[in-house]
Amino acid sequence: SLDEKQGAIGLQDGKIKIIEYIHLNKNLNFKKLNFKFSNSGIYLINLETFQKLKNVKLKYHFVKKRVKNDTEIFGFKAESFIFEGFEYIGKINTMLADFDDFYAPLKDKTSLQNVEKLLLLEKASSSVLK
């Protein structure tokens, strides 16, 4: 959905395309695109493909970000997205998986703490089951 901070993956002109969430509601052609899946941000790239990607000049996107988590001070951060270079590398495949199994956003300190808690719970539960 457009409310989630997660990109979308779909087909555009017969090719796999990824749109980052910051551009979803700004993209005038979004409703015309066939974007039905969320982008987990997990990519498997072999060395040969990575060598091709290192020569691609990716454009910068300026995103408004909170300077510190506990303040109301904002600044702009320049970001580039590796998937914008995928159109230059040839064949791309996708893997479909359950959202809850693959999506773990690391947007701030709290989300990192949640991942750490899950890892501790998993470790504790595996030792109890032994």
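The values are calculated or read from the model by the stated rules, or taken from the named source; none is laboratory data. Since the model is a prediction, treat every value here as computed from it, not as a measurement. Every residue, glycine among them, receives a Cβ derived from its backbone with ideal geometry; neighbour counts consider all protein chains shown.
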- So how many residues does the stretch 73-84 have that are surrounded by 10 or more Cβ atoms within 10 Å (Cβ to Cβ), touching a Lys or Arg at 6+ places or on another chain (Cβ under 8 Å) and outside any strand (DSSP E or B)? 2
- Residue check, residue 70 assigned to a helix (DSSP H, G or I) and modelled with pLDDT under 80: no
- Item | Filter result for residue 39 (surrounded by 10 or more Cβ atoms within 10 Å (Cβ to Cβ), modelled with pLDDT of 80 or more, touching a strand residue (DSSP E or B) at 6+ places or on another chain (Cβ under 9 Å) and not aliphatic (A, V, I, L, M)) | yes
- Task: Could you figure out which of (1) aliphatic (A, V, I, L, M); (2) surrounded by 12 or more Cβ atoms within 10 Å (Cβ to Cβ); (3) modelled with pLDDT of 80 or more; (4) more than 12 Å from residue 92 (Cβ to Cβ) isn't true of residue 24?
- Result: (3)
- Item | Exclusive hit being at pLDDT 70 or above, out of contact with any Cys (no Cβ under 7 Å at 6 or more places or on another chain) and assigned to a helix (DSSP H, G or I), set 91, 57, 117 | 117
